[in-house]
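The block underneath contains the structure these notes are about, expressed in structure tokens.
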Number of protein chains: 2
Amino acid sequence: MKYPEYIQKLIESFSKFPSVGPKTAERYVFYLLNQEAGQVKELASSLSSLPDAIKRCSICRTFSASDPCPICSDEKRSSEILCIVENSQDLAVIENTKQFNGRYFVISRLLNTLENIGPDQLPLRELKKIIETEKVKELIIGLNFTLEGESTALYLKKLFPGIKISRLARGLPAGSDLEYADELTLANALKYRNIL
Amino acid sequence: MKYPEYIQKLIESFSKFPSVGPKTAERYVFYLLNQEAGQVKELASSLSSLPDAIKRCSICRTFSASDPCPICSDEKRSSEILCIVENSQDLAVIENTKQFNGRYFVISRLLNTLENIGPDQLPLRELKKIIETEKVKELIIGLNFTLEGESTALYLKKLFPGIKISRLARGLPAGSDLEYADELTLANALKYRNIL
């Protein structure tokens, strides 16, 4: 049995959401059908204004309601340290630590030979421009500790030989138990041990 | 760090979806930000028309684009057998078996003492009216095999003593392995064994 077309169309749209399959999409649509009409229409109107209200910052490329974004237009932040992150969510996670007072650059994609993502698909021209105009002294690589993150980090190191490049520390996560740490984490914790 | 208000509002709306937490809601919003504006606006417009396009059928209470729904208005279906289901999704699952030619009634809620859902919160007046006007001869209880489903089934049996009440068979699921069946399933499979 097929659901009415209106329901079917929404199920298809929700199925495209990350890690949402047709069954979950169906649950979402029936959840919405059980809500007040006003609430559903409010969600529809927020969605409808999203693409116009939120754009990428023309400097750091994060999603923002203003251009430049609040971080890029904050004069109190140092533009000499630039942290490279994969996306706006990672930026928010680092920002939440309140430990970083530099600026960010959202690179959006990582090098990936399997998915055929090469250097020309990365916004490297924009990055180079910022590094030159802002006279960036240090680049912190805030990318995932995965094959893609590592290759991108190494590529950036080769691309900008003149500036200091650092990356987030590898080691044991807070509150972790040695017994359950995987070998690679433990090997890194040993290699990058801190002097007390 | 707080995201811009437009993003925050949408994250809150998506967080109310079934089994969606704030992290998943965040991923949905950033997924949408990465899509073409046209695609997001299309989703917004489908959502906006959902409450007006889809209503409950005034007879069986399922969600439908027409009233009465295609099943209730299908003259070829017997109105003497009525299958009680919890919601429109369960109705669709039974309908997909193509084994049932009667009509349905969506009860929406099940008796639940913990959540204080008593008989007066169930659409029993509507159900009674259908049973009387359509001269229903058999009521098939197509409810979940849970405490709530069972209590509702027993309550319906007491409420309509004059008509035959049956329920979906309990037993081993298709393709199942005895070794992994739980005790209750196996006990039911024994108790309700079929004569070959």
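The values are calculated or read from the model by the stated rules, or taken from the named source; none is laboratory data. Note that the coordinates shown come from a computational prediction; the quantities given were computed from them, not determined experimentally. Virtual Cβ from ideal backbone geometry, glycine too; neighbours counted across all protein chains shown.
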When both residues are 6+ apart or on different chains and their Cβ atoms are under 6 Å apart, which pairs have a first residue that lies in the range A:177-196 and is within 19 Å of residue A:166 (Cα to Cα) and free of Cβ contacts under 8 Å to residues at least 24 places away in the same chain, and a second that is of a type in the set (D, E, K, R) and surrounded by 10 or more Cβ atoms within 10 Å (Cβ to Cβ)? A:188/A:170; A:192/A:170
Do we have any residue at all in the range B:58-81 that's in a strand (DSSP E or B), surrounded by 15 or more Cβ atoms within 10 Å (Cβ to Cβ), within 17 Å of the chain's Cα centre (by Cα) and not assigned by TED's automatic domain parsing to the domain that holds residue B:138? yes
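Just the residues that are assigned to a helix (DSSP H, G or I) and more than 28 Å from the chain's Cα centre (by Cα), please, taken from the range A:30-50.
Passing the criteria: A:30, A:31, A:32, A:33, A:37, A:38, A:39, A:40, A:41.
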Residue within the range B:12-21 that is among the basic types (Lys, Arg), at negative phi and over 26 Å from the mean Cα position of the chain (by Cα) present: no
Does residue A:26 satisfy the condition of being in a loop (DSSP other than H, G, I, E, B) and not hydrophobic (A, V, I, L, M, F, W, C)? no
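What residue, of B:89, B:99, B:121, is of a type in the set (S, T, N, Q), in the same structural domain as residue B:157 (by TED's automatic domain parsing) and surrounded by fewer than 13 Cβ atoms within 10 Å (Cβ to Cβ)?
B:99
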Just one listed residue, out of B:2, B:16, B:23, B:41, is basic (Lys, Arg), within 7 Å of chain A (Cβ to nearest Cβ), surrounded by fewer than 21 Cβ atoms within 10 Å (Cβ to Cβ) and closer than 30 Å to residue A:55 by Cα, and it is B:41
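Given B:62, B:97, which one is free of Cβ contacts under 8 Å to residues at least 12 places away in the same chain and of a type in the set (Ser, Thr, Tyr)? Step through it out loud before you land on a result.
Values: B:62 fails: free of Cβ contacts under 8 Å to residues at least 12 places away in the same chain.
Of the residues listed, the single one that is free of Cβ contacts under 8 Å to residues at least 12 places away in the same chain and of a type in the set (Ser, Thr, Tyr) is B:97.
More than 7 Å from chain A (Cβ to nearest Cβ), over 19 Å from residue A:64 (Cα atoms), touching a strand residue (DSSP E or B) at 6+ places or on another chain (Cβ under 7 Å) and in contact (Cβ under 8 Å) with a residue 60 or more places away in the chain: is that true of residue B:56 in this structure?
No; evaluated as a whole, the condition is false for this residue.
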